[in-house]
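Notes to accompany the following structure.
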Amino acid sequence: MSPLDGLPTLLVVDDDEIFAQTLSRAMIKRGFSVMTANNAGDATRLASASPPDYAVIDLKMPGESGLSLIRILKEFSSSTTIVVLTGYASIATAVEAIKLGATSYLAKPANADEILQALHSGEGDDLIPMANSPLSVDRMEWEHIQRVLSENQGNISATARSLNMHRRTLQRKLLKRPAKS
């Protein structure tokens with residue numbers, strides 16, 4: 001809790017300034033004291049001065065990624081509840097985010113109510129519905145590429161070598177996001 005106003009503190013970190021400001025206003029209306037940053041460096045400075053109770057972090061930002069920021073925030077306060085929000089959702093990054101200490105992982109677009117629910121869901125949901133059909137071949141390929149890319153710390157050339165694929169082919173595949181089915 002913020003010592004000055006008694007409200008829970010929330011750190012919103014997203015390189016999309018308009019989205020960050022919109023989400024901040026929505027979360028203020030929902031009872032949070034909000035700090036906003038547009039990159040990991042600014043977020044680190046804010047959190048070092050006053051570790052937040054909650055954080056919503058964009059995964060892909062210029063400079064350090066949201067994954068590295070999870071570790072930093074957890075060092076400042078192990079009790080910070082973190083939700084990773086991304087337009088580049090993959091199983092590999094979701095697993096890494098949870099391993100590093102994130103509570104939830106949401107794909108964009110997500111509204112303020114969905115984010116609020118994720119911030120307050122401290123445990124998994126064993127009643128979540130199972131998919132009726134397996135992943136498409138395109139989606140499985142995408143997930144495999146994302147996992148190998150993660151293993152190579154985002155290095156496209158090393159990932160292309162690992163996959164025995166030309167770098168330009170890999171870049172084209174990364175630009176073509178398959179449907180979620």
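Observations, loosely collected:
- Accessible surface, the chain, averaged per residue in Å² (probe 1.4 Å): 58
- When both bridge partners sit in the chain, DSSP labels roughly 0% of those beta bridges antiparallel.
- Sorting 58-66, 109-117 by average packing, meaning the other beta carbons within 10 Å per residue, from highest down gives 58-66, 109-117.
- Within-15-Å neighbourhood charge of Glu64 [Cβ basis; K, R +1; D, E -1]: -2
- Carbon/sulfur fraction of accessible area - the chain, other protein chains in place, 1.4 Å, %: 54
- Less than 5 angstrom separates the built amide H of Thr81 from those of Tyr54, Ala55, all sequence-distant by 5 or more or on a different chain.
- Per-residue Karplus couplings for region 152-160, computed as 6.51 cos²θ - 1.76 cosθ + 1.60 with θ equal to phi - 60°, are listed in order as 9, 6, x, 7, 5, 5, 5, 5, 4 Hz, Gly and Pro entered as x.
- Angle between the chain longest axis and helix 17-29 axis [Cα atoms, degrees, rounded to 10]: 40
- Efficiency of FRET from Cβ geometry, Asn155 and Ile18, R₀ 35 Å, rounded to 0.05: 0.70
- Listed peptides 163-176, 34-47 appear in the order 34-47, 163-176 once ranked by packing, highest mean of other Cβ atoms within 10 Å at the front.
- Crossing angle, helix 66-76 versus the chain [Cα axis fit, 0-90 degrees, rounded to tens]: 40
- Proximal lysines to Lys173, defined as alpha-carbon separation beneath 30 angstrom and excluding residues fewer than eight positions away on the same chain: Lys60, Lys99, Lys108
The values are calculated or read from the model by the stated rules, or taken from the named source; none is laboratory data. All values reported here derive from a predicted model rather than from experimental measurement. Virtual Cβ from ideal backbone geometry, glycine too; neighbours counted across all protein chains shown. Keep in mind that these areas ignore ligands, DNA and RNA; they rest on the heavy atoms of the full protein, side chains included. Shrake-Rupley method; radii C 1.70, N 1.55, O 1.52, S 1.80 Å.
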